[in-house]
Amino acid sequence: MLKKHHTQLTETELATLLNRETEIEKVKPAVSAILQDVKTRGDAALIEYTERFDGVLLSAIEVSDDAVSEVFDLIDPEILWHLETAADNIRRFHESQLEPDLWLSEIAPGISLGQKTTPLDCIGAYVPGGQASYPSTALMTIIPAKVASVPEAVICTPPMPEGVLGERVGGDRSRGGSRGRESPPDPDVHQQVIHPLTLAAASIAGADRIFCVGGAQAIAAMAYSTETVPAVDRIVGPGNVYVTAAKMMVPTRIDFPAGPSEVRIIADESAHPDFIAADMIAQAEHDPNAVSVLATTSEVIADQTFELIRSGEADALRSEIIKKSLEHSAILIFDSIDECIGFSNTFAPEHLEIMVKDPLGAINGICNAGSIFVGDYAPVSAGDYASGTNHVLPTAGHARTHSGLNLGHFTKKSSIQIIEKDGLSQIRDTIVAIADEEGLNAHADAVRVRFLVEDEG
């Protein structure tokens, strides 16, 4: 991990920190072939890729309602309670984003303008899976869609590796035990190909259909449709480099590129280095390509954080992933908070933590960030799971032009004009003059005729 004054960064080091999409370009040829294959062969291609990449031979692509119902017997009730608590917070936050379905305002006598908001017909959410489970992403992607009144919200998520099916989920993992079943599960209960927590979260969130398919092939299925998976109006959700590349390549509208996770931390001498180190390690455990960057005005904070990370990374459960991630992470020293803010706006991070004496002053200077976490007790983990804000956010600098997942991603807006004769008369000359100047005389005549007919009558 780099630790130096920002002025000492080489051009290569700076480019590595700022250009975080190089891996996407590398996988595009392979992804393109998968997209075309799924478009051509449909379900057969999905089954083949699932066996090849996930080691699971599917007997059915769609998860049955019975399998979803039965999964609740496999989960510790306390874990279910926590999922419900997170879901409630996420739902409340997104309900605060609701706009009137219809509004009208008279801007001049005889002219009323307005807007109508309509939900999309069908959205597709990608929920990562496979070696790990991400029930929180099922909540984050489906709940806003349902708050926005989307009629059909579907999920695609990869299957678990074979050999981890049917056990009760929950309990004290650190002791290797479980507060669930002491005997093998009932053989009549369906074996769960998708992680039970993900299925339960999808059900709690209100998903209408769930498909056991992941990777670029899942994005292709939702973009083009297959015999089983419907085509959707928009695809949302994070994923690995193959998923992100696929989202960027399909014609279907997407939320934004959401690839390997990243955090940027701005800290002064008042910050707690142990908090910073913990947050950087937490970010690093997501993915070998995850990026964690500390920008601080304090050399003491930089040194202490560096040592804490070195001593803490080896003790983490996902130490190998963390080690690889930290290889392209950095601790940078700046001369002022304004310089830290300026570099952060250039970096445009997915997550931005602010640990300074004057946080509101720092916030005012922030232009580009997916989600902002303010104060010593606002770790990214809070937004990842339970505070209620959405954790599906633009990565790799796309926060310069994209917002995080919100209700706007699940709706469309139509402008409305109610114009009476006296209202049109006020803007008649302007319309006619501009239309004639553009050479679109029929446009001008469409206004003139309304007054000619009235006069002749």
Residues located in the range 240-291, provided they are assigned to a loop (DSSP other than H, G, I, E, B), more than 19 Å from Ala369 (Cβ to Cβ) and either at pLDDT 95 or above or polar (S, T, N, Q) (or both): Asn240, Val250, Pro251, Thr252, Glu269, Ser270, His272, Asn289
Single condition Ala87 does not satisfy, out of (1) outside any strand (DSSP E or B); (2) surrounded by fewer than 14 Cβ atoms within 10 Å (Cβ to Cβ): (2)
Residue match in the range 333-343 (condition: in contact with a Ser or Thr (Cβ under 7 Å, 6 or more places away or on another chain), hydroxyl-bearing (Ser, Thr, Tyr) and outside any helix (DSSP H, G or I)): yes
Residue in the range 265-277 that is out of contact with any strand residue (DSSP E or B) (no Cβ under 8 Å at 6 or more places or on another chain), farther than 25 Å from Ile366 by Cα and in contact (Cβ under 8 Å) with a residue 24 or more places away in the chain present: no
Any chance Val71 is in a helix (DSSP H, G or I) and at pLDDT below 95: yes
Residue in the range 367-376 that is out of contact with any Asp or Glu (no Cβ under 8 Å at 6 or more places or on another chain) and either in the same structural domain as Ala138 (by TED's automatic domain parsing) or at pLDDT below 95 (or both) present: no
Close pairs (8 angstrom Cβ cut-off, 6 or more residues apart or separate chains): within 19 Å of Ile266 (Cβ to Cβ) in the range 376-392, part of a loop (DSSP other than H, G, I, E, B) and β-branched (Val, Ile, Thr) anywhere: Gly383/Thr389
Residue in the range 102-125 that is more than 19 Å from Gly237 (Cβ to Cβ), in contact with a strand residue (DSSP E or B) (Cβ under 9 Å, 6 or more places away or on another chain), assigned to a helix (DSSP H, G or I) and not small (Gly, Ala, Ser) present: no
Selected residue (criterion: modelled with the lowest pLDDT) from residues of the range 416-457 that are of a type in the set (Gly, Ala, Ser) and more than 27 Å from Leu102 (Cα to Cα): Gly457
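The values are calculated or read from the model by the stated rules, or taken from the named source; none is laboratory data. Keep in mind that this is a model prediction, so the values were computed, not measured. Because the Cβ atoms are built from the backbone with ideal geometry, glycine has one as well, and the counts that use them run over all protein chains shown.
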